[in-house]
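Here is the structure we will look at.
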Amino acid sequence: MDLSPYITSLREDLTATASAGDDQTRRAAAVLSAALEPAVRLALMNALADLAAEVTTQLPEHVVEVRLDGRDVRVVVTGTGAAEREPG
């Protein structure tokens, strides 16, 4: 999952909001949006990891993980094999 479109959207929203201000405000918004990108990317990954943990609790025979692959996030679903075991 490429997080860039979400970060770009946030940056565009910040730029649009700053456009109501003067030149100094617009420059400050541009600098802030660039500086915030790593923090936003980490916050999104943390939210996705929390979502994966919540989904895992609802799917007892599966584990959902979020993995970092370069700058992208990968969602991996694996079976635990609990359904294959028969009571004996």
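The values are calculated or read from the model by the stated rules, or taken from the named source; none is laboratory data. Since the structure is predicted, the reported quantities are computational estimates derived from the model, not experimental observations. Here Cβ is always computed from backbone atoms with ideal geometry, including for glycine, and neighbour counts include all displayed protein chains. Note: accessible area is taken over every heavy atom of the protein model, side chains too, but ligands, DNA and RNA are not part of it. Shrake-Rupley method; radii C 1.70, N 1.55, O 1.52, S 1.80 Å.
Remarks
- Per-atom-type breakdown for the chain gives carbon and sulfur 58% of the accessible area (1.4 Å probe, protein chains only).
- Descending semi-axes in Å of the chain, equivalent ellipsoid built from Cα gyration tensor: 42, 11, 8
- Using the rule -39500 (n - 2.57) for each DSSP H run of four or more residues, divided by the residues of the chain, the 222 nm mean residue ellipticity is -20500 deg cm²/dmol.
- Cβ-placed point charges (K, R +1; D, E -1), dipole of region 3-79 about Cα centre in debye, nearest 20: 220
- With Cα atoms, 0 to 90° folded angle of helix 23-58 axis to the chain main axis: 10
- Between Val77, Ala35, Leu48, the Cα set farthest toward the positive side of the dipole of region 3-79 (charges on each charged residue's Cβ, about the Cα centre) is that of Ala35.
- Principal axis analysis of the Cα atoms in region 1-45 yields extents of 36, 15, 11 Å, listed in decreasing size.
- 1.4 Å probe accessible area per residue over region 3-79, in Å²: 69
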